[in-house]
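Step one of this worksheet: look at the structure below.
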Amino acid sequence: MSISAEGLRQEDPVIKTTETMTTRDGVTLVATLWRPAGPGPFPVLLSRTPYGRTDPGPGMHLDLARLVAAGYAVAVQDVRGTGDSDGELTFIAGEAADGYDAVRWAATQPWSDGNVGMFGDSYLGITQLLAAQERPAGLRAIAPHVAPASLHEVVYHSGVPNLNVVLTVSAAVLALDELERRINRGTALAADRDAYLAALGFPDRFPETMLRLAERLPLSDQPLLTDLVPFYAGWMDHPDPAAEMWRDGAVRYAEIEVPALVGTGWYDYFRDASVGHYQHLRGGSRLVVGPWAHFTQDGNVCGRDYGAGASQDAIDWTGLHLEWFGQWLRGESPADRATVTYFLMGADEWRTASDWPPPAARRVAYHLGPDGTLSTVPAGGGGGEFVSDPDDPVPTVGGAVMTFDAFGPLDQRPLDDRGDVLRHQSEPLDAALEVTGDVELIVLVSSTATSADVAVKLIDVHPGGRAELLTDAITRVTDLTPGEVREVRVELGAISNLFRPGHRIRIDVAGSNFPRFARNPQKGTTTVHEPSYAMLPIIS
């Protein structure tokens, strides 16, 4: 249910205008405003997007007609360097100051009653957090959904380039948006856009093109992006999170005073950042986690049907926001809702908790034993070994990836014939087992190389053989002495799944997951030593 001007009926009493503001450094930013035709003034809901305000699409999953009908003025603003706004896009890094100025502008317009809330997904979510840390007068509450906590974590995951996300966003979103901007301003032609789309192989050969781009080395060498997304190369050349270029794109939670309605999905690549927003902010904040991916909010994720009640439509996503902003912008009585609402996969039903992780969860160690065993009882004998070869990486199958046809809870059996994946699984369960909370693998490894990646998956193996991916992650270990045993912690993050009777719990460990994550350039054999174990949060 995307926001769009078309969502408003012609007979609805709505005024639509184009509004401009000037930032502190003299840059003009442009917004589209929808407001009731009544006398006002109105509380304002502000969203700031790099994806185009005139036909709001990516990042918008509320019903605009309902927001305006409920008496809100809704402003959707092109961020600096996008759409009709002036200046140059710095991608996240410049949004704190502009966000502050935008909130102050929204709070002081004649149609505003001085109370401002912010909403939106992904990039539109981190613009809220960065604005909130500047504490602009008038900002009362935010609602970031599937939003990162920093520019660095958009680009990197535990030291490994988050290649699928950053390369796809750069090539298929940022570059095209920049071309459209140039066409609108007369500095490029429609033929230039057509040529670029042809170079991407869009749409039929787009996946193959993206794989080819991911295989290029060095990663910063992407001729298609050099002109259109000039900051991409700098991202790839600065992996250190302490580098100056990342500083202005990181959220400072300690300086945020307003409450947040935080949303995410189990298969969103910013899932753990979103959970972290809730955990850092507290103070009236709420968390909602569904069985969704970054672009999918219905009850069916790539063929895995979670039921009619699993979608955002079913839980009235816009209604949740109206309750939230009604409380904080209008002083309405708070809705009688739990602090944390999450979807328990496997049972395929919604659950509530007073906090995250749920207080009832207890951490239980499941040991990686010899011959692929996984048990709460240490078996001894070590966990095996695997070869990591950058010329033959383990291919990505599902998970939190940016694609439109192969993401989320995919069956891992297509990888069964690979000998470079360690598979440790439990015996079939006698009774249902709920795993809800934060999952972590603690593994002792040595390698024949000086750098090694540890890529991990948590999988629900069904009695019929389906190996359903629940969550995956990776960590890069550097400065190894060949043969040195090093403890590695791989945070697989937040999850909620009911393993049904007869199902098995499985942990897969490998040296790559490509192209979701960039390949380690070194070839080597990694050995898993005991004690190595997964910490699973069990609710009984």
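Rounded to the nearest whole Å², what accessible area per residue is found for the chain with the 1.4 Å probe?
38 Å²
Return the carbon/sulfur percentage of the accessible area of the chain, one whole number, probe 1.4 Å, all protein chains in place.
50 percent
Equivalent ellipsoid semi-axes for the stretch 400-540, as square roots of 5 times the alpha carbon gyration tensor eigenvalues: give them largest first, rounded to whole Å.
26, 18, 14
To the nearest 10 degrees, how steep is helix 175-184 against the longest Cα principal axis of the chain, on a 0 to 90 scale?
20 degrees
Longest segment of the chain with no GluC sites (Glu not before Pro) in a DSSP loop having at most 15 other Cβ atoms within 10 Å?
Value returned for the longest uninterrupted segment is 89-256.
Normalise the Debye intensity by I(0) for the chain, one equal point scatterer per Cα, no solvent, then take log10 at q = 0.07, 0.13 Å⁻¹ and round to two decimals.
Taking Cα atoms of the chain as identical point scatterers yields -0.41, -1.34.
Need one value: the accessible area of H321 in square angstrom, 1.4 angstrom probe, rounded to the nearest 10.
Approximately 10 Å² of H321 is accessible to the 1.4 Å probe.
What is the distance in Å between the Cα centres of the stretch 478-540 and the stretch 341-396?
Here the two parts' Cα centres lie 8 Å apart.
Averaging over every viewing direction, what projected area does the convex hull of the Cα atoms of the stretch 479-518 cover, in nm²?
5.2 nm²
Using alpha carbons only, how many angstrom separate the centre of the stretch 266-296 from the centre of the stretch 130-151?
Spelled out, the Cα-based centre of one part sits 14 Å from the other.
Mind checking the angle between helix 317-330 and the chain's longest principal axis? C-alpha axes, 0 to 90 degrees, to the nearest 10.
For 317-330 against the chain, the angle is about 60 degrees.
Which residues' amide hydrogens lie under 5 Å from the amide hydrogen of F514, considering only partners 5 or more residues apart or on another chain, with H built in the peptide plane?
V394, T396
List every residue whose amide H lies under 5 Å from the amide H of E349, counting only residues 5 or more places away in sequence or on a different chain, with H placed 1.01 Å from N in the peptide plane.
Under 5 Å from the amide H of E349 lie the amide H atoms of L344, each far enough along the sequence or on another chain.
Remind me, what semi-axes does the stretch 405-479 give for its equivalent ellipsoid, largest first in whole Å, using sqrt of 5 times each Cα gyration tensor eigenvalue?
25, 16, 13
Once the Cα atoms of helix 95-107 and of the chain are each reduced to a long axis, what angle between those two axes, in degrees from 0 to 90 to the nearest 10, is obtained?
Here the helix axis deviates by roughly 40 degrees.
For A494, list long-range residues whose amide hydrogen, built 1.01 Å from N in the peptide plane, is under 5 Å from its own amide hydrogen.
Under 5 Å from the amide H of A494 lie the amide H atoms of V439, each far enough along the sequence or on another chain.
The values are calculated or read from the model by the stated rules, or taken from the named source; none is laboratory data. Computed from a prediction, not measured in an experiment: that's the story for all the values here. Cβ atoms come from the backbone with ideal geometry, glycine included; neighbour counts cover every protein chain shown. Just so you know, the surface numbers come from the protein's heavy atoms only, side chains and all, with ligands and any DNA or RNA stripped out. Shrake-Rupley method; radii C 1.70, N 1.55, O 1.52, S 1.80 Å.
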